[in-house]
Amino acid sequence: MRAVALLLFLAGAFGVAALWQSRRVSRLEEERELARRVEAGEVRATSEEEIPAGWATVVLGGTSPARTAQPPADSTPVDTQASPTSEPVAPAPSPSPDFELIVEPGQSLSKIARAHYGTAPVALVRALAQYNGLADEGSLRAGQALRLPPLETLQPTPAQPADPAVATPTPSADVEVVVEPGQSLSKIARAHYGTAPVALVRSLARYNGLADEGSLRAGQKLRLPPLETLQR
């Protein structure tokens with residue numbers, strides 16, 4: 001009886017050993033296969049499961065928020081800031097340079113102005129003298145370099161008042177000229193005012209302290225007030 005029990009015990013022990021050995025061999029084969037696939041890059045081995053290459057795993061209940069496994073995104077960087085397109089800027093027009101000439105003997109500011117600008121009113125001649133740093137037209141000398149700017153430089157556009165209905169007119173200052181040889185009060189009045197009636201010429205003579213028109217001399221300084229001043 002004891003012999004039968006011993007045989008049964010030995011048979012059971014042998015069967016358990018054979019089963020353990022079979023499972024151990026199977027486990028070793030699986031581990032070898034897994035190691036081969038990991039080395040080939042087919043899967044990545046973790047303590048929980050086998051994950052295909054390129055996938056990620058997230059542990060739920062950890063300190064980081066839970067996320068599902070996602071395939072790898074395209075690693076190509078995307079430029080989110082579009083480069084601004086700069087438009088070519090047109091260069092600002094450069095101002096016209098002054099025309100420069102050398103004064104010849106016998107020339108005067110009025111003659112030069114009339115030849116260059118096509119007109120020579122007293123205000124323009126006076127502005128040209130001031131532009132060149134001359135006290136008056138008679139200060140011009142032969143051989144002197146004279147600068148002739150654009151006409152609009154000598155005739156700036158007057159500023160418009162904000163409300164012309166209530167703007168107070170500003171009295172104009174006298175224009176001073178130097179009498180040239182051959183000029184008379186009537187010629188100067190006609191050139192400056194556009195008219196030369198006898199009453200206007202007499203008023204102009206009195207304004208300058210002259211006894212009559214014949215008292216005018218070449219080289220003398222003559223003051224030309226606004227026309228309304230002589231017509232009062």
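Read the figures in this text as sums done on the coordinates, not as results from a lab. Since we're looking at a predicted model, the values are computed, not measured. Every residue, glycine as well, gets a Cβ built from its backbone with ideal geometry; the counts of neighbours run over all protein chains shown.
At-a-glance table
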quantity	calculated
At R0 = 35 Å, FRET efficiency that the Cβ-Cβ distance of ALA35 and MET1 yields, to 0.05	0.10
Label point 7 Å beyond Cα of ARG23 along Cβ direction - residues of the range 1-16 with amide nitrogen under 11 Å	16
At R0 = 30 Å, FRET efficiency that the Cβ-Cβ distance of GLN107 and THR195 yields, to 0.05	0.60
Residues LYS221, LYS111 arranged by fewest to most Cβ contacts within 10 Å	LYS221, LYS111
Cα-projected label distance for THR229 with GLU180, points at 7 Å along beta-carbon direction, nm	2.3
The range 96-155: translational diffusion in µm²/s, Stokes-Einstein, Kirkwood Rh over Cα pairs, 37 °C, 0.692 mPa s	290
Cβ-based charge dipole, the range 96-155, positive-most Cα from ILE102, GLN155, LEU140	LEU140
